[in-house]
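K.L.:
The structure follows.
Please treat every number below as a calculation from the coordinates, not as lab data. As the structure is a prediction and not an experimental result, all values here were calculated from the model. So basically every Cβ, Gly included, is an ideal-geometry build from the backbone, and we count neighbours across all protein chains shown.
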Amino acid sequence: MGLIDFLKYPLHLYRKAYSKGVYSPWDDPERSYMLDPKHQSLLIEEIAGEMQVFSNAKFGTKLSLAEAATIVENFLDVYRNKPFLDNQGGSPFTNALAVFFSIRVLKPKVIVESGVWKGMTTYLMHKANPDAKIHCFDLSFGKLEYRCPMAEYHEHDWGKYEFTEEISADDVAFFDCHVDHSLRILEAHKKGFRQLIVDDNPPLHKLYSFGLPPFPTADMILNEDLKDGEKIRWVWNTKNKEYTVDGKRFNEAKSLLLSSDAFPEVSSTSRYGVKRGTHSFLSYVTLSS
Ligand SMILES: C[S@@+](CC[C@H](N)C(=O)[O-])C[C@H]1O[C@@H](n2cnc3c(N)ncnc32)[C@H](O)[C@@H]1O
């Protein structure tokens, strides 16, 4: 770590401390919340209820509502203390909760993060599971604001990287890099990962809602109606876009893909993170052994 990197984080905390009210949006739990603890508990339980149902159904946990509520409460503390002025271009509130909750519950020893940006999701994953080793991959760390003490930083695509650690089925690879999900599924499976978190995973009929969808998305790969060579066309922000189904790549990925489930959208419930747009179909994806 060079001197500039060393100074970046404290400098950032200083800027954050002296810019309160200038950068943070109003719809952030750091700035807007109920004062009475009994009212705070009502919101925490409401969010926890959604996360508990998802976790028990998809992760196979047996979380009680009280256990889920403790995780949500911890998350709110961590989120309020984030060392960022804003996370424009990165995960909003609803994704931040899903990432934190998943890593707390799944307890991976090794985490891969592909697509780091300023470091918000690295921060959340480290706080969720401080003992986990995190491998951060990005093509450029020019925007990095938070540097995690448990992370190893790699300024290149993860594709050719060979891990020295043994990767187990409990470990997690998180893809928020806008790269084709079929490629990520093939790579992750080969490297030993069996559970992924992928962002920007719209179903086929909602491709229009993304400027840069990593198509084919995991959800599209599970779509039985798509045929080899089929052309999909849509308009994003008045620009014509199209994608032609590559049957070979599709089928390879499909043979490894077991499930893809979007996390609950807790911005609607909480009204946090609504200003900047909320749901990007962040999903939990499982692969065959
Ligand atoms: C949406 S941002 C990540 C946001 C971050 N996970 C967060 O929530 O705060 C996408 C990032 O992916 C990175 N990226 C693009 N192509 C990549 C690749 N092939 N491998 C790794 N990262 C890549 C971009 O440089 C950018 O920093």
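K.L.:
Any idea what angle helix 93-106 forms with the longest principal axis of the chain, computed on alpha-carbon atoms, 0 to 90 degrees, nearest 10?
P.N.:
80 degrees
K.L.:
What number, rounded to the nearest 500 deg cm²/dmol, is the helix-based mean residue ellipticity at 222 nm of the chain, given -39500 (n - 2.57) per DSSP H run of at least four residues and division by all its residues?
P.N.:
-10500 deg cm²/dmol
K.L.:
Please compute the alpha carbon radius of gyration of region 36-99, then divide it by the globular-protein estimate 2.2 N^0.38 Å. Two decimals is fine.
P.N.:
So the Cα radius of gyration is 1.20 times the expected 2.2 N^0.38 Å.
K.L.:
Could you pull the Cα extents of region 179-273 along its three principal axes, largest to smallest, in whole Å?
P.N.:
If we take the Cα atoms of region 179-273, the spans are 41, 34, 21 Å.
K.L.:
Continuing with this model, one more query. Pairing the Cα long axis of helix 37-54 with the longest principal axis of the chain, what angle in degrees results, from 0 to 90 and rounded to the nearest 10?
P.N.:
Approximately 20 degrees, to the nearest ten.
K.L.:
Turning to a different aspect of this structure: For region 45-59 and region 64-98, what is the separation of their Cα centres, given in Å?
P.N.:
15 Å
K.L.:
Using every Cα-Cα pair within region 67-199, state what percent have a distance larger than 17 Å.
P.N.:
Considering region 67-199, 55 percent of its Cα-Cα pairs are separated by more than 17 Å.
K.L.:
Let me ask you something else. May I ask for the net charge around GLU230, where only other residues with Cβ less than 12 Å from the Cβ of GLU230 are counted and Lys, Arg are +1 while Asp, Glu are -1?
P.N.:
So the surrounding residues net to -1.
K.L.:
Let me ask another. Report, to one decimal in Å, the Kirkwood hydrodynamic radius for the chain based on all distinct Cα pairs.
P.N.:
19.8 Å
K.L.:
Sequence neighbours fewer than 8 away in the same chain don't count; with that in mind, list the lysines whose C-alpha is under 20 Å from LYS231.
P.N.:
LYS206, LYS239, LYS241, LYS248, LYS254
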